[in-house]
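Below is one structure, written out as structure tokens; the observations come after it.
The values are calculated or read from the model by the stated rules, or taken from the named source; none is laboratory data. Here the structure is a predicted model, which is why all the values come from computation and not from measurement. Here the Cβ positions follow ideal geometry from the backbone for every residue, glycine too, while neighbour counts run over all protein chains shown. Ligands, DNA and RNA are stripped out before the accessible areas are found, and what is left, the full protein with its side chains, is counted by its heavy atoms. Shrake-Rupley method; radii C 1.70, N 1.55, O 1.52, S 1.80 Å.
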Amino acid sequence: MKPVYMINGFLESGKTEFICYTVEQPYFQIKGRTLLIVCEEGEGEYSEKILKMSRTDMVLIEDEEDFNTSHLIELEKEYKPERIIIEYNGMWNFKNMKLPFHWSIEQQITIIDASTFPMYFTNMKSLLAEMLRKSEMIIFNRCDDIEDLSSYKRNVKAINQKADIIFEDSEGEVNQIFEEDLPYSLEDPVIKLDNEGYGIWYLDSLDHLERYTGKTVQFVAMVLKPSDFPAGYFVPGRMAMTCCADDMAFLGFVCEYDKTDILKDKQWVQVTARVDKEYFADYGGEGPVLKAISVEQTKAPKEEIISFM
């Protein structure tokens with residue numbers, strides 16, 4: 001079978017840029033040649049340098065009627081590729097596409113310009129749905145200044161629940177945590193956080209404190225009592241490994257508790273607390289301040305260090 005990598009999306013969505021980046025990567029190099037079939041020409045261009053370096057032969061098919069099995073087989077015979085990349089035309093109905101029987105789609109990726117997504121979703125939903133339906137990966141680029149990416153994700157998931165969805169802005173991938181992906185329910189009367197849940201809650205609270213303000217959380221934590229803290233406050237938290245054993249950090253938010261004087265540094269406790277947003281001097285402004293409902297001594301968890309690797 002001849003492996004095919006299908007890259008689709010509407011004009012100027014960033015398909016050419018994505019393919020150029022991909023064929024330059026070491027993991028994409030093979031001994032044989034690659035046939036790149038381009039079905040529309042946008043502003044982006046393939047440089048001769050990149051094509052030569054990646055041993056890629058590019059062919060342009062401008063008319064949909066020419067994208068047929070006979071023509072594709074002729075191209076295969078002429079160029080004898082080890083694999084094929086197709087930059088498909090977003091205005092051609094994907095469900096009408098036919099490939100030679102021995103061509104097998106190894107991966108299908110849809111590239112979407114986030115700034116134009118609402119227009120295409122509203123006016124060309126059927127064409128967009130055909131692109132998305134069998135895509136294993138959907139990449140939203142140009143996400144700068146777009147606030148409600150979660151609605152984009154919901155719209156895509158309604159069409160393809162299994163696809164991996166990636167958001168990128170000018171700085172790279174957007175590591176946003178969406179409410180529907182949280183490993184706990186924000187509707188629970190007490191949000192109980194295990195190892196995974198604690199790490200996600202901590203990071204998400206930094207970006208979306210409004211989700212948790214007024215909510216009650218419960219977790220096992222180590223006590224930290226900074227010497228310069230005012231009376232009645234301590235920090236319950238966890239040691240976390242963010243990338244390697246040498247990169248450790250204590251992750252915790254300040255907690256108001258009227259019996260702080262009986263707590264000891266590095267003591268393990270189960271904390272049940274309400275999350276508030278308040279000014280605290282060590283934050284240099286407003287931030288998450290926990291209001292303890294109960295702090296009970298407990299044993300150390302089986303895994304004392306949580307990991308974000």
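Quick notes
- Segment 191-212 residues that are of a type outside the set (A, V, I, L, M), paired with ones that are modelled with pLDDT of 95 or more and buried (at least 19 other Cβ atoms within 10 Å of the Cβ) (beta carbon under 6 Å, 6 or more apart): Y198/F219; Y198/R238; W201/L193; S205/Y212; S205/P288; Y212/V275
- So K277, is it within 17 Å of E296 (Cβ to Cβ), out of contact with any Gly (no Cβ under 6 Å at 6 or more places or on another chain) and modelled with pLDDT of 95 or more: no
- Answer from K49, K31 - the residue that is free of Cβ contacts under 8 Å to residues at least 24 places away in the same chain and either among the aromatic types (F, W, Y) or farther than 19 Å from G14 by Cα (or both): K49
- Taking residues in segment 231-258 that are on the phi > 0 side of the Ramachandran plot and assigned to a loop (DSSP other than H, G, I, E, B), and partners anywhere that are modelled with pLDDT of 95 or more and open to solvent by less than 60 Å² (accessible area, probe 1.4 Å), the pairs with Cβ atoms closer than 7 Å and at least 6 places apart or on different chains are G232/Y257; G232/T260.
- Subset of segment 268-306 [open to solvent by 70 Å² or more (accessible area, probe 1.4 Å), under 20 Å from L203 (Cα atoms) and in a strand (DSSP E or B)]: R274, K277, Y279, E286, I305
- Residue selected from segment 58-102 under the condition in contact (Cβ under 8 Å) with a residue 12 or more places away in the chain and hydroxyl-bearing (S, T, Y), by the criterion nearest to G9 (Cα to Cα): Y88
- Matching residues in segment 121-143 - criterion: being part of a loop (DSSP other than H, G, I, E, B), open to solvent by 60 Å² or more (accessible area, probe 1.4 Å) and out of contact with any Gly (no Cβ under 9 Å at 6 or more places or on another chain): K134, E136
- Listed conditions (1) over 11 Å from the mean Cα position of the chain (by Cα); (2) open to solvent by less than 40 Å² (accessible area, probe 1.4 Å) are all met by K153, apart from (1).
- Condition met for T213 (in contact with a Gly (Cβ under 8 Å, 6 or more places away or on another chain), at negative phi, surrounded by 12 or more Cβ atoms within 10 Å (Cβ to Cβ) and polar (S, T, N, Q)): no
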